[in-house]
Structures are given as C-alpha cells and as structure tokens.
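In what follows, a single structure is set out as structure tokens and then discussed.
The values are calculated or read from the model by the stated rules, or taken from the named source; none is laboratory data. The shown structure was predicted, so the numbers you read here are calculated from the model rather than taken from an experiment. Quick reminder, even Gly has a Cβ in these numbers, built from the backbone with ideal geometry, and neighbours come from all protein chains shown.
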Amino acid sequence: MSTPPTVLIVDDDKDLLRLLEIRLEGAGFLVRTESSARGALRSLAHAQPEVVVSDLKMDHMDGLDLLAEIETNYPVLPVILLTAHGTIPDAVAATKQGAFAFLTKPVDDDELISCLREAVAVGGPVTEDTKQDQDTEKWRQQILTRSTAMESVLREARLAAATDASIIIEAESGTGKELLARAIHAASRRKSKPFVAVNCTAIPEALFESEVFGHVKGSFTGAHRDRTGLFEQADGGTLFLDEVGDMPVPFQAKLLRALQEDAIRPVGSECEHEVDVRVIAATNKNLQAAVKNEKFRGDLYYRLSVIRLSLPPLSVRREDIPLLAEHFLRKYAPDGVATGFSSDAMERLLSASWPGNVRQLGNVVQHCVVLCRSTLIPKSIVEHALQDKSQRMAPFAAAREKFELEYLRSLLEATKGNVSQSARLAARNRSEFYKLLKKHSLDPNHYRAGRGKKKT
C-alpha cells in the first residue's frame, strides 16, 4: 500500500487547527500542524509535506509572506490559503503570488478535501504502469539525501520527468548532474529506452558532428563504414549532454536545428533521419553570461532550458555528509578494515568546505579506507585526505560569516525582534531577511520585549 499524503496545516486558531486535523485524518491524510508561519518554515526545513494549508491572516508573519518563502525555497510545493476575510483583492494577490487555491472560512470539508487531492495530483499522475515505481521511489534510488534542498529539486525533477520538455541542470562539478539525469529518465515514459550520456569536453571539435549525428562510409578520410551517431543511439530515449557549455560554437546551430526538426542528417548523407529524443543538458558554467558574451547561442540555450534544475552544492546540504560518507565507506570496504568513522573524524568531514562536492567526498573516503589500519577512521587520516588545512573555510569567509551573524543580532536587539523594521534597516526585503535569519538559526521571538537576548 502507498503512504497517505502528508498535509501541513498552519493556523493561529488552535481550536480550528485541531478540528481540521481530525477532519483530514478522517479523510485519509497524514496531518502535521503549526500555529505560526515561522513554525511552519522550521517544520519545512526538516521534512516536506505534499501540500501546505495556511490561514491568510496571522500575527507576525501572514499567509502571503509564508507563501512567498515557500515559493522561493520549495517552488513546486502547493499552498492552499484560507481566510475568514475573503476579498477579491486577497484572492487576486494570493493567486498571482502562486497559491494553488484560495478558500474562505468556514471551510467546506468536501471542497477542501477535493482541493487537497487535486494539489497532491500535481506531483504527477499515478497510472497502473507507474504506481509501483512511484511508491517505492525506484526512479531516485541512487540519490541518497535527507536534505530539504535536495528534496525540493527531486520534487521538481519528478514533475519534469512526466513531460518531454528539454531540461538543463545547472550545478557545480561533482554534485551528481548525471545521476539526476538518469533519475529523470527512470521516472519518464522513456525509461525502457536507451539513456545515452556524452561529455561535450571529451569530443574533439573536428569529430563532434560525426559523433553526435553519425556519418556515412566515405564521407571523410578514415570513414571506412557507416557510423550511427549518439542521437540515433538514443532514439526513443534520453540523450544527456554533459558540460554543454563546452560545445563547439559552429555545431550549436546544427544541434538547434535537430531539436527543432526532430531530425538529424549524418555527415556525408543526403537524407535526414527522424529521431524521437528527449535532451537533458548539464553545465557547471553560467550559460546566461556566456550568451551575453556571445560564447553560447541564445536560441539554443532557451531551447535547452525549457525546465531549469539547480543542484545544491554539498556545502549547503551538510546533513547529507554522514549519509554519503557511510555509503562510500560500504562501497570501498573491501579495500580496507575500517567499518566506521570516529566522532571527531565525522566532525571534520562536516566542517570541510568541499569545493569538489560529492565526488570529492567519495575520493576522501576511499583515501581514508585505504590508509586506515583500524576499525574506526581517525580524524588524523581525514585531515591527511583533505590535505589538512587546504579544505578549511578561508579566514576571510569565516570572518564575513561572523560579522553577518553579529550584525543580524544587533538589528534584532535594536528593533526588539521587529522583522519588518530590521529588514528595512538592512535594506533587504522580508523574504531575503528571513533567509538570513534561517541561515544563522536566529529566532526574532527571543529578542522581543521581556524575552532578553538570544543565548549562544
């Protein structure tokens, strides 16, 4: 049996909160509740539901502000807003801002439940063919994470997989772009067809067209037989173009035409071959800047980036480090005797800056396994694998983080926890200011009159 969908209800009326919880649990939903928008944001940072239901009018931070935060940090999470003061301007503001629905109190049970089921269905239609894969999450089984940032990306990826739209994955090297592309393919209708991956930096410019489109015998010196290109190899499936920003500029126009016409012409051939290929591209470069600098075709970029996904670096998903480290330890276990990390060794892994992301973490763990002669990997070997101080946070970056924390504290103390006033003094909008508070784990309530300063 599949797990019932989870709903997070946010309302400062505790009686109504309990009533809605009882009604929705009776309708088969798993229910979590929060009595404030700030509490809801803390809850979302730990686990995401399928739908959020929030009151519009709440003290300190209202439903529209909560919606703005969710739109920024969890863009595909549906939000249903409730209000006892339903006006046309409220409804227009909510729907323009991205609310899934706007319902007025007293809430009709049938209407709310129907709306919730529609919102859950936004995650992608469940058919008899896909239900088992979706329930067991086979499509993403190679991606290990407990990070809410990663879960948000995976939710977007699951929605994108149900379409044939071109996707571009923008991320630093070593974050797992190909792993995500393979997961999207596994969640799509094309999963039984080929997944063909190519690194654009690995193909010499002179051979690019032949590799991608193929060639016929005799089309150039050395073409002793016909060759099937990568597009035809991927027919019916997915073609993954890694590091697409390094694609030769002369070839970009030919790729654009192939995508527009769903057809390719092998080098030396007079005939076009129709192809049915879903293209997923990936890059660690800023392609928008490359377009402005005329180093990448704008029309091709917009063709490839119908859907844009951004993988977070390991430095902002540190909760995944223990999970990934244990995975790599099991993977490389035959190379040594280690079965775990000492507590200070794990702390060192958690504090490293990881410029090479997950790929670097895997290399560091393998290094540790090979060198360690005990069952627990000590901190000293981790330091050696990290090349000691080279991976620590730079002194300037650490100083900047400390200054930012102290500056935020001083603002909250000066305004007695008034977020709107603090944001104005910092010349930031409220959404940006809430992000900074969340980053440094600062709660404005601790600075309000009579509460005293936040303890450190």
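Given Ala338, Ala352, Ala333, which one is among the hydrophobic types (A, V, I, L, M, F, W, C) and in contact with a strand residue (DSSP E or B) (Cβ under 7 Å, 6 or more places away or on another chain)?
Ala338
What number of residues in the range 236-266 are surrounded by fewer than 13 Cβ atoms within 10 Å (Cβ to Cβ) and touching a helix residue (DSSP H, G or I) at 6+ places or on another chain (Cβ under 9 Å)?
3
So if I check each of Ala325, Ala345, Ala338, Ala333, which one is at pLDDT below 90 and more than 30 Å from Val244 (Cβ to Cβ)?
Answer to the selection: Ala333.
Before we move on, is Thr87 in the same structural domain as Leu19 (by TED's automatic domain parsing), modelled with pLDDT under 85 and over 29 Å from the mean Cα position of the chain (by Cα)?
yes
Which pairs have Cβ atoms under 7 Å, sit 6 or more apart or on different chains, and link a residue in the range 100-120 that is of a type in the set (A, V, I, L, M) to one that is in a helix (DSSP H, G or I) and at pLDDT 85 or above?
Every condition considered, the pairs that remain are Ala101/Cys115; Leu103/Glu111; Leu103/Leu112; Leu103/Cys115.
Out of the range 147-184, which residues are among the β-branched types (Val, Ile, Thr) and within 12 Å of the chain's Cα centre (by Cα)?
Thr148, Val153, Ile169, Thr175
Return yes or no: is Phe251 out of contact with any His (no Cβ under 6 Å at 6 or more places or on another chain), of a type in the set (A, V, I, L, M, F, W, C) and touching a residue at least 12 places away in the same chain (Cβ under 8 Å)?
Yes, satisfied.
Looking only at helices (runs of 4 or more DSSP H) that fall completely inside the range 292-385, which ones have 3 or more residues that are in the same structural domain as Arg278 (by TED's automatic domain parsing) and surrounded by 19 or more Cβ atoms within 10 Å (Cβ to Cβ)?
298-304
I need every pair where a residue in the range 48-62 that is closer than 12 Å to Arg32 by Cα and not assigned by TED's automatic domain parsing to the domain that holds Thr415 has its Cβ under 9 Å from the Cβ of a residue that is in a strand (DSSP E or B) and among the polar types (S, T, N, Q), sequence separation at least 6 or different chains.
Note: pairs meeting the criteria are Gln48/Thr6; Pro49/Thr6; Glu50/Thr6; Val51/Thr6.
Hey, which of the strands (runs of 3 or more DSSP E) in the range 100-205, taking only ones fully inside, have at least 3 residues that are at pLDDT 90 or above and among the aliphatic types (A, V, I, L, M)?
167-170, 195-199
Residue by residue through the range 17-47, note down the ones that are more than 30 Å from Asp320 (Cα to Cα), among the aliphatic types (A, V, I, L, M) and in contact (Cβ under 8 Å) with a residue 60 or more places away in the chain.
Correct list: Leu20, Leu24, Ala27.
Inside the range 267-287, can you point out the residues that are out of contact with any strand residue (DSSP E or B) (no Cβ under 7 Å at 6 or more places or on another chain) and exposed (fewer than 14 other Cβ atoms within 10 Å of the Cβ)?
Glu270, Cys271, Asp276, Asn286
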